[in-house]
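Asker: Can you keep this structure in mind? I'll have questions shortly.
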Amino acid sequence: KRHNLHHAETNQENDPDINVPFLCFTAERFSTKRGFEKLISTHQTYMYFPLLLLIPIAERSDAMLYFIKRIRTRKYILEMIIFMIGAFAWFFLPFFVFSFSKALLVVLVYNAVSGFYLGNIFAPNHKGMVELSKSTPISFIEHQIITTRNVKPGSLTDFIYLGLNYQIEHHLFPNCPRNKLKLVTSYVKDVCSSTGLEFTETDIIESNKIILGELARITATAKAV
């Protein structure tokens, strides 16, 4: 449901993927931060990569809240059981296998590594791209193309990103198998060329520069108000 909403309202106010704790890509969202969250947001350019390391904890916390709200719904019981088994293996099983210090190291390392990996798979796709209001009159094709960024393809990139580097194609054709998305690229580029839409494509380093630059710009703008 969450991912479907992201596809339906990409980079709009109801997109669950733009409401990231501590990170603000608009001055309006920055102005809503208070207390500790605002303190972190004030230094968001420097906190961006450290915050990526916490993604596994944040994702599993969200999943836990999701199941807690539906704990009395019978159809979610099996899913909840599977989730609990996975969460136990992910966070607690190492402490039954290794000494406390080794288990703590294992948990910290694989959570940090997976968080950094997942963050660099997902963030370059939309972060730093234009955000739209709900009332913006725009077609589906325009919406998906101007809010989405590709990471330049290559054998290694395609393997690491599992096809999600073709993010524009993925948003236009979400049911297309990810290993086939590259076959659509030339047609999408032709449409962009004929309609004047920009087909945004960068490498992973440049995409991170764009993200950090946008975070720095928003912070500076908010501080100047």
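Asker: Pull up segment 24-37, narrow it to residues that are among the hydrophobic types (A, V, I, L, M, F, W, C) and not in a loop (DSSP other than H, G, I, E, B), then point me to the one that is surrounded by the most Cβ atoms within 10 Å (Cβ to Cβ).
Answerer: The residue in question is Phe30.
Asker: Please go through segment 207-219 and pick out each residue that is more than 19 Å from the chain's Cα centre (by Cα) and open to solvent by 60 Å² or more (accessible area, probe 1.4 Å).
Answerer: The one that is more than 19 Å from the chain's Cα centre (by Cα) and open to solvent by 60 Å² or more (accessible area, probe 1.4 Å): Arg217.
Asker: Scan segment 95-111 and report the pairs whose first residue is open to solvent by less than 60 Å² (accessible area, probe 1.4 Å) and whose second residue is of a type in the set (A, V, I, L, M, F, W, C), with Cβ atoms within less than 6 Å and a gap of 6+ or a chain change.
Answerer: Sorted first by the residue in segment 95-111, then by its partner, the pairs are Ala103/Phe95.
Asker: A follow-up question, please. Only one of Ile71, Ile85, Ile77 is aliphatic (A, V, I, L, M), out of contact with any His (no Cβ under 8 Å at 6 or more places or on another chain), without any contact (Cβ under 8 Å) to a residue 12 or more places away in the chain and not in a helix (DSSP H, G or I); which?
Answerer: Matching residue, one of Ile71, Ile85, Ile77: Ile71.
Asker: Moving on to the next point. In segment 2-23, what residues are of a type in the set (A, V, I, L, M) and assigned to a loop (DSSP other than H, G, I, E, B)?
Answerer: Scanning segment 2-23 gives Ile18, Val20, Leu23.
Asker: Quick check on segment 133-145. Is at least one of its residues farther than 22 Å from Ile18 by Cβ and open to solvent by 20 Å² or more (accessible area, probe 1.4 Å)?
Answerer: Among the residues of segment 133-145, not one is farther than 22 Å from Ile18 by Cβ and open to solvent by 20 Å² or more (accessible area, probe 1.4 Å), which makes the answer no.
The values are calculated or read from the model by the stated rules, or taken from the named source; none is laboratory data. None of these values were measured; they are calculated from a predicted model. Cβ coordinates were reconstructed from backbone atoms using ideal geometry, including for glycine residues, and neighbour counts include every protein chain displayed. Please note that ligands, DNA and RNA were not included when accessible areas were found on the heavy atoms of the full protein model with its side chains. Shrake-Rupley method; radii C 1.70, N 1.55, O 1.52, S 1.80 Å.
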